[in-house]
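Data block below; observations after.
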Amino acid sequence: MSSQISGPAATARASLNASQIAFIEALPKAELHAHLNGSIPISELQKMAHELSDAETSDAVQAGIAKLKDGVVLDEISEFFNLFPAIYALTSNPARLRRATRAVLAQFLDGLRPQCDYLELRSTPRKTPEMGRMDYVRAVLDEVERYPKERAALIVSLDRRMTADVARECVEIARLLKEEGRRVVGIDLCGDPKAGDMGTFSEHFSVAKRAGLGITLHIAETSANSDEETLQLLSYAPDRLGHATFLNDEAKTAVRSAKTPIEICLSSNLLCKTVVQLDAHHLRYYLEHDHPIAICTDDTLPFRTSLQGEYALLMALPPLGLGLSEVEVRRLAEMGMAARFGA
Ligand code: IMP
Ligand code: ZN
């Protein structure tokens, strides 16, 4: 399935020649940081919104979907989280959640030139009047497991705003399902970077680790995240990090000595304005130190990108991209593959 992209990734891609595009398409790639509800193709969301009767969907939901269709412009990252209630209103029962998941998987994995060879999709178990959190994860897994394990797996996300009880329940669901042989490979910590108390999650990460689940944490995503919080999160010995944009020297040293892979989402950082321009992106620092990195999309729906679009940002010449060589880009793709939690 081809992805309609727009913004920095599309501009970068348009600047590449046919051989560079063919190189990106042929490169074996892993997508390790994709949030389910942030990656639903807009066409599928529109169909779902259209099919619901007026009584089932509000003007606010229709307006939210229309906004996503037109392309969102964010002044800062906190505005980003307001986009989700409209999406959540649509993926609120197992049938529509499965349908959305199927469309996300197809977007990444289907077609002659799929966006990636392997997808580790992540999602936050949500309780609604029509499903419990266990139903939620089972519904998503039913779709993920339609693909072989070499192609797709699931990470269960904890939201920074969760209470300790809800976080415990989510980790327990992940642990039980893994024990049943279902394809849950990790636990993520995500959500509004300015919310929550990170001390709440310590015991849950320990339980998850003991169960053999990989741990990936959104960390230091904004300049408002304190150094204390960052060091606290690093003390949980994560297996991967999301963004890691604002690490101080102490944190950088710890991350480099532990060789913890960093999931880098270029369009997401630019559009949420946590990185002002590509030139200043922390990817360069980690590249120079040959530190493991995985190039990822984060949320293809609001950021209107694709994994191949993110690779185009690596290859396009400055100022449209980072101007990396094919050798460097291949190395990054290999590092992404090597950082998988699953098969
Ligand atoms: P879901 O977990 O499938 O519902 O995917 C959407 C959710 O992922 C959002 O409500 C946020 O909690 C989380 N999320 C998506 N992108 C980001 C990000 O860049 N930083 C932190 N959390 C995010
Ligand atoms: Zn994310």
Residues located in the range 282-305, provided they are within 16 Å of ligand 2 (Cβ to nearest atom) and either closer than 26 Å to Ser19 by Cα or of a type in the set (Phe, Trp, Tyr) (or both): Leu283, Ile293, Ala294, Ile295, Cys296, Thr297, Thr300, Phe303, Arg304, Thr305
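Kindly provide the set of residues from the range 263-277 that are of a type outside the set (Gly, Ala, Ser) and either within 11 Å of ligand 1 (Cβ to nearest atom) or over 12 Å from the mean Cα position of the chain (by Cα) (or both), ordered by number.
Those that are of a type outside the set (Gly, Ala, Ser) and either within 11 Å of ligand 1 (Cβ to nearest atom) or over 12 Å from the mean Cα position of the chain (by Cα) (or both): Glu263, Cys265, Asn269, Leu270, Leu271, Cys272, Lys273, Thr274, Val275, Val276, Gln277.
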Residues located in the range 321-343, provided they are surrounded by 19 or more Cβ atoms within 10 Å (Cβ to Cβ) and either of a type outside the set (Val, Ile, Thr) or assigned to a loop (DSSP other than H, G, I, E, B) (or both): Gly321, Leu322, Leu324, Leu332, Ala333, Met335, Gly336, Ala339, Arg340, Phe341, Gly342
The range 117-148, residues that are within 16 Å of ligand 2 (Cβ to nearest atom) and closer than 27 Å to Pro28 by Cβ: Leu119, Glu120, Leu121, Arg122, Ser123
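Which one of these is more than 16 Å from ligand 2 (Cβ to nearest atom), surrounded by 24 or more Cβ atoms within 10 Å (Cβ to Cβ) and assigned to a helix (DSSP H, G or I): Leu313, Leu247?
Leu313
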Lone qualifier among Leu112, Leu97, Leu105, Leu27 - being at pLDDT 95 or above and more than 26 Å from Asn269 (Cα to Cα): Leu97
Failed condition for Ala14, given (1) modelled with pLDDT of 95 or more; (2) loosely packed, with under 13 Cβ neighbours inside 10 Å; (3) touching a helix residue (DSSP H, G or I) at 6+ places or on another chain (Cβ under 8 Å): (3)
Identity of the residue in the range 109-146, under 19 Å from Ala294 (Cα atoms) and touching a Ser or Thr at 6+ places or on another chain (Cβ under 8 Å), that ends up nearest to ligand 1 (Cβ to nearest atom): Ser123
Top-ranked residue in the range 283-294 [being away from ligand 1 (no atom under 15 Å from the Cβ) and not in a helix (DSSP H, G or I); ranked as surrounded by the fewest Cβ atoms within 10 Å (Cβ to Cβ)]: His289
Any hit, the range 253-261, residues being within 16 Å of ligand 2 (Cβ to nearest atom) and either aliphatic (A, V, I, L, M) or touching a Cys at 6+ places or on another chain (Cβ under 8 Å) (or both): no
Residue tally, condition more than 20 Å from Ala339 (Cα to Cα) and hydroxyl-bearing (Ser, Thr, Tyr), over the range 221-261: 4
Qualifying residue in the range 73-83 (condition: β-branched (Val, Ile, Thr), closer than 18 Å to Ile42 by Cα and within 16 Å of ligand 2 (Cβ to nearest atom)): no
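I want to confirm something. Restricting to the range 79-137 and keeping residues that are of a type in the set (Gly, Ala, Ser) and over 24 Å from Gln62 (Cβ atoms), which single residue is surrounded by the fewest Cβ atoms within 10 Å (Cβ to Cβ)? Spell out the reasoning first.
If we filter the range 79-137 for residues that are of a type in the set (Gly, Ala, Ser), which is where we start, we get 86, 89, 92, 95, 100, 103, 106, 111, 123, 132.
Pick out the ones that are also over 24 Å from Gln62 (Cβ atoms) and you get 106, 111, 132.
Values: Ala106: 16, Gly111: 12, Gly132: 14.
In this case the residue turns out to be Gly111.
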Only listed residue being modelled with pLDDT of 90 or more and either more than 21 Å from the chain's Cα centre (by Cα) or over 30 Å from Gly186 (Cα atoms) (or both), chosen from Ser19, Ser39: Ser19
Selection status of Ile215, among the β-branched types (Val, Ile, Thr) and within 28 Å of Val275 (Cβ to Cβ): yes
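Starting from residues that are on the phi > 0 side of the Ramachandran plot and crowded, with 19+ Cβ neighbours inside 10 Å, keep the ones in the range 197-244 and report whichever is nearest to ligand 1 (Cβ to nearest atom). Lay out the reasoning, then the answer.
Keep residues of the range 197-244 that are on the phi > 0 side of the Ramachandran plot, which gives 212, 220, 237, 243-244.
So of that shortlist, the ones also crowded, with 19+ Cβ neighbours inside 10 Å come out as 220, 243-244.
Numbers: Ala220: 11, His243: 7, Ala244: 12 Å.
Of everything passing the filter in the range 197-244, His243 is nearest to ligand 1 (Cβ to nearest atom).
The values are calculated or read from the model by the stated rules, or taken from the named source; none is laboratory data. This structure is a prediction, so every number in the text was calculated from the model and none was measured. Counting neighbours? That spans all protein chains shown, and the Cβs are built from the backbone with ideal geometry, glycine included.
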